[in-house]
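Read the figures in this text as sums done on the coordinates, not as results from a lab. What you see is a predicted model; the values in this text were computed from it and never measured. A quick note on method: Cβ atoms are made from the backbone with ideal geometry, for glycine too, and the neighbour counts reach across all protein chains shown.
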Amino acid sequence: MAPLLSSCGGIQSALDPAGREASQVATLFWVMTVGAATIWAFVMALSLYAARWKREPVSDEAAGKVILWAGVVFPVTVLTALLSYALWLMPSLRPFAGGEQAGLRIEVVASQFWWRVVYHRPDGSIVVSANEIRLPVGERVEFTLASTDMIHSFWIPALGGKMDLIPGRTSRLSLQATKPGIYRGQCAEFCGTSHARMAYPAIVMESADFQSWLDKRSVPSTGSTGGSGGRAIFRREGCGTCHRISGTDAQGTAGPDLSHVGSRLTIGAGLLQNDAEAMANFIAHSASMKPGSQMPSYLALPDGELKELAHWLKDLQ
Ligand code: CUA
């Protein structure tokens, strides 16, 4: 029981909900589980009774009644009740179908094996980020989900249900977080060799903290203008062809946006805790740390330059 129960909690558990939609999903799960357990116990008791205690033959009439009540009426009633409950739950999981509006829209575009995250504020301005999702507590947020290559799936179990990101179409998902904290999202549709390494922290913040976090990300990081050697190495190695850093001439979009990358909790899409050492390690060994990704390993970079580059990136706060 211990491992069973311990798997019910944690940052990536649908049974430890921290969002409105996740609570509904968890309730549905428990209703189904209790219902299924009750029916299973009843059927087991009935079969034990028939095998052990009821030895005399049963009349045709009695057998017919059992089939009618236990084989037709009972399952139809139970399944209709469960289906009705699930259908009743659905509109609140898909509120935009009913015309509800959200103030903040977060656009998520999945690629092998990372997430582009664009915050669209109500005033029309945008903030581009990657591999980390932040949202304000208590507010309904609209997610628009798309993909550039494979079918991926967006799922933050603690906050809500999952939805696929399908090339060529845009899906909408609603999430309303109810408890501040750090949770974890994970790609939930097999999409290639590094599918399991396609995750992200999902951080639920107090509304005011979230707004000031967003304000700070609306302007280039002060670290990006510094004349450090790291910046020169970044340019020399052509990193800006794939990566964008706001306030610099690096404007690539093939890889994750690195503006303010130093302030993210993880790097490599939830792969490593974000510090300069991990950053240097990832740049040098990305092909083996993240098999199948587009990012080449920079094994030839001298140790000193690697460190300089990593420190400059870490300073993009
Ligand atoms: Cu993306 Cu699995």
Kirkwood hydrodynamic radius of the chain from all distinct Cα pairs, in Å? 22.5 Å
Taking only the C-alpha atoms, wrap a convex hull around segment 124-163 and report its volume per residue in Å³ as a whole number. 116 Å³
Stretch Thr77-Tyr49 to full length: gain in nm at 0.36 nm per residue minus the Cα-Cα span? 7.7 nm
Just to verify a number: FRET efficiency for Leu299 and Arg169, C-beta to C-beta distance, R0 = 35 Å, to 0.05? 0.35
Given Leu28, Gly9, Ala269, which one lies farthest toward the positive end of the charge dipole of the chain, if we put +1 on the Cβ of every Lys and Arg and -1 on the Cβ of every Asp and Glu? Leu28
Specify the longest stretch of the chain that does not include any exposed loop site, a site being one of the trypsin sites (Lys or Arg not before Pro) with a non-H, G, I, E, B DSSP assignment and at most 11 other Cβ atoms within 10 Å. 170-317
At what distance in nm do the modelled label points of Thr178 and Thr144 sit from each other, each positioned 7 Å from its Cα along Cα→Cβ? 2.9 nm
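When N is the residue count of segment 217-277, what does its C-alpha Rg come to as a fraction of 2.2 N^0.38 Å?
Values: Rg = 11.5 Å, N = 61, 2.2 N^0.38 = 10.5 Å.
Ratio of Cα Rg to 2.2 N^0.38 Å: 1.09.
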What angle, in degrees between 0 and 90 and rounded to the nearest 10, separates the Cα long axis of helix 276-289 from the longest principal axis of the Cα atoms of the chain? 70 degrees
I need to check one value: relative contact order of segment 1-102, counting alpha carbon pairs closer than 8 Å and at least 6 residues apart, in percent. 21 percent
So what are the ³J(HN,Hα) numbers for segment 166-178, from phi and the Karplus equation (6.51, -1.76, 1.60; θ = phi - 60°), rounded to whole Hz, Gly and Pro as x? 10, x, x, 9, 10, 9, 10, 9, 10, 9, 10, 6, 10
Set Lys and Arg Cβ to +1 and Asp and Glu Cβ to -1, take the dipole of segment 34-116 about its Cα centre, and tell me which of Leu48, Gly64, Trp114 lies farthest positive. Trp114
Once the principal axes of the Cα atoms of segment 248-317 are found, what is the range along each, listed largest first in whole angstroms? 27, 26, 26
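Please report the equivalent ellipsoid semi-axes of segment 117-257, computed as sqrt(5 x eigenvalue) of the Cα gyration tensor, largest first, in whole Å.
Rounded to whole Å, the semi-axes are 27, 21, 13.
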On a C-alpha basis, how far is the centre of segment 261-310 from the centre of segment 207-229 in Å? Whole number, if you could? 21 Å
Which GluC sites (Glu not before Pro) does segment 20-106 hold that lie in a coil by DSSP with at most 14 other beta carbons within 10 Å? Glu100
Magnitude of the Cβ-charge dipole (Lys and Arg +1, Asp and Glu -1) of the chain about the Cα centre, nearest 20 debye, reported as 320 debye
Tell me, rounded to the nearest percent, the portion of alpha carbon pairs in segment 24-81 spaced more than 14 Å apart. 69 percent
Suppose the chain between Ser288 and Thr193 were pulled fully straight at 0.36 nm per residue; how much longer would it get relative to their current alpha carbon spacing? 33.1 nm
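So for segment 175-274, considering every pair of alpha-carbon atoms, how many percent are separated by more than 17 Å?
On the way: 3133 of 4950 pairs.
Tail of the P(r) past 17 Å holds 63 percent of the pairs.
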